[in-house]
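First the structure, in the form of structure tokens, and then the observations on it.
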Amino acid sequence: MTGKKILILLLIYASFIFAQNQIPPVTLNRTAVHKLTSSYNNAAYPIFVSLPSSYNSSDQNYPVVYMLDAYSSFGIVTQTAKLLAFNNELPELIIVGISSEGGSKEFIYNRARDYTPTYIPVENLPENSRLMLPASGGAAKFLDFIEKELIPYIESEYKIKKGDRTLIGHSLGGLFAAFALFENPNVFQRYVMISPALFWDNNYILKQEVNFYEREKSLSAIIYTSVGSLESNLFVETWKNFTGALTRHNYAGLKLIAEIAENETHYTIIPHLVTRGLISVFKH
């Protein structure tokens with residue numbers, strides 16, 4: 001083979017490699033990204049928005065689902081919800097995912113800070129939890145951001161069905177959803193709490209619920225919550241105590257759907273945010 005032919009082949013190969021590198025990444029249709037910086041905690045949040053299939057061809061307003069942990073689970077939740085809406089198992093929804101800037105390290109730090117209602121010094125945590133919970137205690141400021149900055153922004157930008165807001169969260173996200181329920185129950189009408197980490201700070205949420213019940217005997221909300229049968233007792237037992245308290249107190253206006261998800265672990269249960277959670281709360 002002559003040098004000229006070899007050069008031509010190398011150029012063809014180089015062109016092929018260049019073309020391969022230019023293939024665009026996979027994207028989710030009918031989605032957008034906004035960036036908001038909160039005045040309450042000075043944190044910047046990428047906000048992922050998924051619009052329903054009929055959004056651009058319809059004048060209707062849509063219910064909104066606010067989801068936590070969008071950095072890791074936005075694709076799972078939005079694509080599953082659209083498939084179920086196509087099959088009329090869910091209404092068409094606008095899904096607003098609150099994400100995190102940076103990579104995995106920043107994601108771990110931010111969710112630990114934002115989703116936990118009380119501060120615990122890292123040195124007081126079990127050693128195997130310290131990397132997952134490097135910060136804590138910012139839930140009240142994060143809820144202020146959602147209520148007073150994020151929700152008004154979303155409702156000014158999109159065709160929203162006012163007064164029809166759902167909050168969904170898994171693990172620490174489920175802990176935050178429970179905190180929001182008792183801290184300011186007027187922000188959301190529906191809640192999905194999957195494998196909530198209710199044991200945080202010596203069962204802080206259970207105490208918050210008792211204090212709430214002493215003041216209020218009504219709770220206008222639709223709640224779906226579940227925990228996996230294969231999860232640790234730390235999750236399962238506090239979840240049983242929590243759902244037992246809600247049932248026992250029999251709040252006026254509360255609709256509670258609670259179930260143990262058989263053969264599910266702390267991570268295989270994540271699709272239940274949609275397949276069990278959203279379907280359940282939108283049936284009521």
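More than 20 Å from the chain's Cα centre (by Cα) and small (G, A, S): which single residue out of G253, G277, G228 fits that description?
Step by step, each of G253, G277, G228 is checked, and only G253 is more than 20 Å from the chain's Cα centre (by Cα) and small (G, A, S).
Within region 49-99, which residues are of a type in the set (S, T, Y), within 15 Å of the chain's Cα centre (by Cα) and surrounded by fewer than 24 Cβ atoms within 10 Å (Cβ to Cβ)?
If the condition is that a residue be of a type in the set (S, T, Y), within 15 Å of the chain's Cα centre (by Cα) and surrounded by fewer than 24 Cβ atoms within 10 Å (Cβ to Cβ), then Y71, S72, S73, T80, S99 are the ones that fit.
Any residue in region 222-242 that's closer than 12 Å to N263 by Cα: show its pairings with residues that are of a type in the set (G, A, S) at Cβ separation under 6 Å, as long as the two are six or more apart or on different chains.
The qualifying pairs are V227/S195; G228/A261.
Can you tell which of S171, S73, S129 is more than 17 Å from V192 (Cα to Cα) and small (G, A, S)?
Result of the check over S171, S73, S129: S129.
If I filter region 189-201 for residues that are farther than 20 Å from Y66 by Cα and part of a helix (DSSP H, G or I), do I get at least one hit?
Taking every residue of region 189-201 in turn, at least one turns out to be farther than 20 Å from Y66 by Cα and part of a helix (DSSP H, G or I).
Test A197 against the stated conditions and say whether it is touching a residue at least 24 places away in the same chain (Cβ under 8 Å), closer than 23 Å to K141 by Cα and touching a strand residue (DSSP E or B) at 6+ places or on another chain (Cβ under 8 Å).
No, not satisfied.
Would you point out which residue out of K207, K255 is basic (K, R), surrounded by fewer than 17 Cβ atoms within 10 Å (Cβ to Cβ) and within 30 Å of F86 (Cα to Cα)?
One residue alone meets the criteria, K255.
K35 versus (1) in contact (Cβ under 8 Å) with a residue 24 or more places away in the chain; (2) under 23 Å from E149 (Cβ atoms): which is the lone unmet condition?
K35 satisfies all of (1) in contact (Cβ under 8 Å) with a residue 24 or more places away in the chain; (2) under 23 Å from E149 (Cβ atoms) except (1).
All but one of (1) under 22 Å from S72 (Cβ atoms); (2) modelled with pLDDT of 95 or more; (3) in a loop (DSSP other than H, G, I, E, B) hold for P185, so report the exception by its number.
Here P185 meets the rest and fails (1).
The values are calculated or read from the model by the stated rules, or taken from the named source; none is laboratory data. Since the model is a prediction, treat every value here as computed from it, not as a measurement. Please note: Cβ atoms are built from the backbone with ideal geometry, for glycine as well, and neighbour counts cover all protein chains shown.
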